[in-house]
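Below is one structure, written out as structure tokens, with a few remarks after it.
The values are calculated or read from the model by the stated rules, or taken from the named source; none is laboratory data. Here the structure is a predicted model, which means the values were calculated and not measured. FYI the Cβ positions are ideal-geometry reconstructions off the backbone, even for glycines, and counts take in every protein chain you see. Keep in mind that these areas ignore ligands, DNA and RNA; they rest on the heavy atoms of the full protein, side chains included. Shrake-Rupley method; radii C 1.70, N 1.55, O 1.52, S 1.80 Å.
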Amino acid sequence: LKEQVFAANIDLLIVVAAASQPPFRIGLVDRYLIAAEVGGVAPLLCLNKIDLVEGEPEEVTLLRELGVRVIATSCKTGQGIDELHETLHGKISVLSGHSGVGKSSLLNRMDPNLAVHTQTVSDLTSKGRHTTTASRLYTLSGGVRIIDTPGLRALGLWRVEPEEVAFYFPEIAERAANCRFRNCTHTHEPQCAVLEAVAAGQLSPARHASYLRIRASLESETGHTPGRLKPVG
């Protein structure tokens, strides 16, 4: 894997996800949230295309409860656009997310003079087409400086070890203290408090699945294998 830097020295990472078209997927959002914490940058989830659904995905509600700031927006109705614009005043921000989630449309709605090129989501794949091909800095009214980045299908994590992933999921880290083994991976171990919470409906299966995917990908990338289980005490 090769590290590619899209932006540096920023105040705010705006993770743009579509409520629909393309479907909301928690996995990439979780990766962005981890990247923001590792980089010491404040994250904000922009749930775009909110006009296409009757209610926000339950994973988004969970993120709100965990303290993640969320702004629901619609480039069609204008919902949330002013709030987003005001939040960016005086800051250098970076706009990131899947292809097709509406990053370019958000820029145009906040400042129509930009006339950023946009494309529709593919009907065949429900995936976005790449409109932005390189990072670009835009200056908007109100002292807003925002970097638009190319749409991503995947996001690698640097300087994060597989055994550290649980610490970036607060609801998992909290329950991990009650696991039988202090180096529990929360994937298969007996008397794992995290797995028990998932089975009991006390922990989001989608968030746990996201944790599992991120951990597995890091193990694959680094060749890391879990060590022998060590009981607590």
From the list Val16, Val60, which residue is touching a helix residue (DSSP H, G or I) at 6+ places or on another chain (Cβ under 8 Å) and either β-branched (Val, Ile, Thr) or surrounded by fewer than 17 Cβ atoms within 10 Å (Cβ to Cβ) (or both)? Val16
Counting only residues that are of a type in the set (Asp, Glu) and not in a helix (DSSP H, G or I), how many does the stretch 48-95 have? 2
Output yes when any residue across the stretch 182-197 is open to solvent by 30 Å² or more (accessible area, probe 1.4 Å) and part of a helix (DSSP H, G or I), and no when none is. yes
Being open to solvent by less than 90 Å² (accessible area, probe 1.4 Å) and at pLDDT 95 or above is true for just one of Ala115, Ala200, Ala177, Ala206. Which residue is that? Ala200
Scan the stretch 85-107 and report the pairs whose first residue is under 13 Å from Ile146 (Cα atoms) and free of Cβ contacts under 8 Å to residues at least 60 places away in the same chain and whose second residue is open to solvent by 10 Å² or more (accessible area, probe 1.4 Å) and outside any loop (DSSP other than H, G, I, E, B), with Cβ atoms within less than 6 Å and a gap of 6+ or a chain change. His85/Met110; Leu107/Leu114
Please state which of the following conditions Leu52 fails to meet, knowing it meets all the rest: (1) among the aliphatic types (A, V, I, L, M); (2) more than 22 Å from Leu140 (Cβ to Cβ); (3) in contact with a helix residue (DSSP H, G or I) (Cβ under 8 Å, 6 or more places away or on another chain); (4) open to solvent by 10 Å² or more (accessible area, probe 1.4 Å). (3)
